[in-house]
There are 2 protein chains.
Amino acid sequence: MKLKRSERLIDMTQRLLDNPHTLISLTTFTDLYQSAKSSISEDIAIIKRTFEIQGIGIVNTLPGAAGGVIFTPKIKKEQALEAAQKICDQMNDSTRLLPGGYIYLSDLLGKPDVLHHLGKMIASAYEDQKVDVIMTVATKGVPIAQTVANYLNVPFVIVRRDSKITEGATVSINYVSGSSSRVEKMELSKRTLPSGSNVLIVDDFLKAGGTINGMRSLIKEFDSHAVGAVVFCESGVSGHQLQDYSSIIRITEINTENQHIKAELGNFFETHTFLEETH
Amino acid sequence: MKLKRSERLIDMTQRLLDNPHTLISLTTFTDLYQSAKSSISEDIAIIKRTFEIQGIGIVNTLPGAAGGVIFTPKIKKEQALEAAQKICDQMNDSTRLLPGGYIYLSDLLGKPDVLHHLGKMIASAYEDQKVDVIMTVATKGVPIAQTVANYLNVPFVIVRRDSKITEGATVSINYVSGSSSRVEKMELSKRTLPSGSNVLIVDDFLKAGGTINGMRSLIKEFDSHAVGAVVFCESGVSGHQLQDYSSIIRITEINTENQHIKAELGNFFETHTFLEETH
């Protein structure tokens, strides 16, 4: 059906947002809207400019017969900082403190807006790194893996600590759980991760770093490569030795006696790049 | 900053898509774009028409000082059927068969496009039912809960079969696992679900119905109400007695001897309404 420019812009915006990191050929649009290539190219130029000004992401056009348009979600540093600060404010709440210095996070990791922001900022930081798959460990890492996978448009895989019959053949490794210093087991379904994959690790909470080191070992067993590791919340008081990771939020004080908790922004914002200001 | 109509349409489309089921006041837009209310109203009318024609959803405007605009994702039945059929085709794959008549689904539930489609169709079916929260059970139900929660813009909660220190105080119930006829336990963090909530249950696989009945009991313990139950995949060969549920996909044949599996569309598409054809 023939659409007007205004209608095309709306529909194209929706299709690009819905299919990040996906090459859409110009022919797809000329066929869909029964419009000339020149009109579609002008539409794309308008969308490209608006997406950059508004901090939605980058729109790239590839020329030639195999060409088309690709949308890459990428936010500005100020947007990322503002969203992270809002999450941080919700963390500074002493009722989150649980026995043993653990912190209640399940409410935040079940909120669509928090997950949108986390997904956008993490995907934004890794958009140019050729990530093939997101890895996390069950259960609370799953929402973070899913939202990052969504914005990078790659699949995610879930490592489990318990065996499930529904996973088929698995590869398992033993790792030292840093917080309890016990040897534990984690496993991943053999068919979920092709060898040679570039894997981005995400998790909800970093205490001693054992789980992330475990996932790194598991990635090696699959002849794959860890591109990076991002955690939602890091305990800055547990004294872990983990290298090469970044955290969105960092807990700098936990006092279970007077029920005090203090959260700050993590090192994520120092170690990654964001959408450049264009004006 | 003052934007042109074309730029406003792009940015408004993105904001509406990013904030479903959220009232955005016209003043938000007039302030953002430094444009007159009449221009913004015309913009909204164009977006409303395009969203309906393209099967993106419904845009409603509420008049008055407390008024504004609300976007509700809602897809056409033909879009839902097409997406479900594509998923169904991927299910008809004998390598998914696992010992004991279980079926490997983890790859599908880790794919962003599959999850988009599932989220849109389930949210579309329940958009008018005042759902307050989505409930699922760890681990493989989580991706489905998250995508539905995303399109309905409500939080989701994860019921667990194992105790975790990071959940704080929990409420637990015992239930009969239908497939093994054993009494098992499931629990939910006390603070995640306010009493009086309207809860939509989702899960990945329905075999004997024990888990869903368990979640219904748990919802009662929280003085809340189950609005409905949707499963991604139902085993039509296990002879369960579950009532009041719907399934996206239904397995009608499993033969582990000659490695044969047959999947069809479930009853979801008979029991729910979709976006009406407008032309």
Could you give the longest part of chain B that holds none of the GluC sites (Glu not before Pro) found in DSSP loops with at most 16 neighbouring Cβ atoms within 10 Å? B:1-256
In nm, one decimal, shortest first: how far is the label point of B:Glu270 (7 Å from Cα along Cα to beta carbon) from the matching points in the other copies? 6.1
So if I take the centroid of the Cα atoms in the stretch B:67-101 and the same for the stretch A:100-175, what is the distance between those two points in Å? 22
With x for Gly and Pro, the residue-by-residue ³J(HN,Hα) of the stretch A:62-77, computed from phi through the Karplus equation 6.51 cos²θ - 1.76 cosθ + 1.60 at θ = phi - 60° and given in whole Hz, is 9, x, x, 5, 8, x, x, 10, 10, 9, 10, x, 7, 9, 7, 4
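What's the total accessible area buried between chains A and B, using a 1.4 Å probe, rounded to the nearest 100 Å²?
Values: alone 14030 and 14030 Å², together 23170 Å².
Accessible area lost upon association: around 4900 Å².
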Can you give the FRET efficiency to the nearest 0.05 for B:Ala66 and A:Arg5, using r as the Cβ-Cβ distance and R₀ = 25 Å? 0.15
Which one of B:Tyr245, B:Ile165, B:Ile261 is farthest out on the positive end of the charge dipole of chain B, using unit charges on Cβ (Lys, Arg +1; Asp, Glu -1) and the Cα centre as origin? B:Ile165
Radius 15 Å from Cβ of A:Ala145, net charge of other residues (Lys, Arg +1; Asp, Glu -1): +1
For the protein assembly as shown, what size does the Cα cloud have along each of its three principal axes, sorted from largest down, in whole Å? 61, 54, 51
Interchain or sequence-distant (5+) residues whose placed amide H lies within less than 5 Å of the amide H of A:Ala226 are A:Val199
For the stretch B:235-251, in residue order, the Karplus 3J(HN,Hα) values (coefficients 6.51, -1.76, 1.60; θ = phi - 60°; whole Hz; Gly and Pro = x) are 7, x, 10, 8, x, 6, 10, 5, 10, 6, 9, 9, 10, 7, 10, 10, 8
Amide H within-cut-off set for A:Ser35, under 5 Å, with H built and near neighbours excluded: none
For B:Lys130, the lysines lying under 24 Å Cα to Cα, once residues fewer than eight places off in the same chain are dropped, come out as A:Lys111, B:Lys48, B:Lys74, B:Lys76, B:Lys77, B:Lys120, B:Lys190, B:Lys220
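Dipole magnitude of the stretch B:77-265 about its Cα centre, charges +1 at Lys/Arg Cβ and -1 at Asp/Glu Cβ only, in debye to the nearest 20?
Numbers: 19 positive and 22 negative charges, 99 e Å.
I would put it at about 480 debye.
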Gaussian network model of chain A, Cα springs within a sub-10 Å range: biggest mean-square fluctuation belongs to which of A:Pro73, A:Pro112, A:Pro99? A:Pro99
With just the Cα atoms of chain B, tell me how far they stretch along each of the three principal axes, in Å, largest first. 67, 45, 28
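To the nearest µm²/s, what D does Stokes-Einstein give for the stretch A:93-148 at 4 °C and 1.567 mPa s, using the Kirkwood radius over alpha carbon pairs as Rh? Display every interim value, and only then the final one.
Numbers: Rh = 12.7 Å.
For these conditions, the coefficient is 102 µm²/s.
Taking the DSSP beta bridges in the stretch A:233-279 as the whole, what percent of them are antiparallel, to the nearest 5? Before the final figure, lay out the partial values.
Values: 6 of 9 bridges.
So the antiparallel bridges amount to about 65 percent of the total.
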Backbone HN-Hα couplings from phi across the stretch B:204-218 [Karplus 6.51/-1.76/1.60, Hz, Gly and Pro as x]: 7, 9, 10, 10, 10, x, x, 5, 5, 4, x, 5, 5, 5, 4
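Considering only DSSP states other than H, G, I, E and B, which trypsin sites (Lys or Arg not before Pro) in the stretch A:53-131 qualify as loop sites with at most 13 other Cβ atoms within 10 Å?
On the way: sites: A:Lys74, A:Lys76, A:Lys77, A:Lys86, A:Arg96, A:Lys120, A:Lys130; in loops: A:Lys74, A:Lys130.
The qualifying sites are A:Lys130.
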Amide H proximity to B:Val159 below 5 Å, modelled H, separation 5+ or other chain, gives B:Thr136, B:Val137, B:Ala138
P(r) histogram, all alpha-carbon pairs of the stretch B:112-258 included - 5 Å bins from 0, percent: 2, 10, 20, 23, 21, 14, 8, 2, 1, 0
For chain B, share of DSSP beta bridges that run antiparallel, in % to the nearest 5: 55
Quotient of Cα radius of gyration and Kirkwood radius for the stretch B:5-73, i.e. Rg/Rh, equals 0.92
What number comes out for the charge environment of A:Ser197, summing +1 per Lys or Arg and -1 per Asp or Glu over other residues with Cβ under 9 Å away? -2
Please compute, for the alpha-carbon atoms of the stretch A:171-279, the extent along each of the three principal axes and give them in descending order in Å. 50, 46, 19
Just tell me how shielded A:245-257 is by partners: mean number of partner chain Cβ atoms within 10 Å of each residue's Cβ, no decimals. 0
Exactly which trypsin sites (Lys or Arg not before Pro) in the stretch A:1-73 are in a DSSP loop and have at most 11 other Cβ atoms within 10 Å? A:Lys2
What list of whole percents do you get for P(r) of the stretch A:49-180, with Cα-Cα distances grouped in 10 Å bins up to the one holding the largest distance? 10, 30, 32, 19, 8, 1, 0
From a point 7 Å beyond the Cα of B:Asp31 in the direction of its Cβ, which residues of the stretch A:86-107 have a backbone N at a distance under 20 Å? A:86-87
Report, to one decimal in Å, the Kirkwood hydrodynamic radius for the stretch B:107-193 based on all distinct Cα pairs. 14.2
Can you tell me which of B:Leu115, B:Leu81, B:Leu62 moves the most in a GNM of chain B? Springs connect C-alpha atoms under 10 Å apart. B:Leu62
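Express as a percent, rounded to the nearest 5, the fraction of DSSP beta bridges in the protein assembly as shown (both residues included) that run antiparallel.
Values: 48 of 90 bridges.
The antiparallel fraction comes to roughly 55 percent.
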Compare A:Asn255, A:Asn174, A:Asn60 in a GNM of chain A, Cα atoms joined below 10 Å, and give the one with the largest fluctuation. A:Asn255
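The values are calculated or read from the model by the stated rules, or taken from the named source; none is laboratory data. In this text, all values refer to a predicted model and were calculated from it rather than measured experimentally. Methodologically, a virtual Cβ is constructed for each residue, glycine included, from the backbone with ideal geometry; neighbour enumeration extends over all protein chains shown. For accessibility, only protein heavy atoms count, side chains too; no ligands or nucleic acids. Shrake-Rupley method; radii C 1.70, N 1.55, O 1.52, S 1.80 Å.
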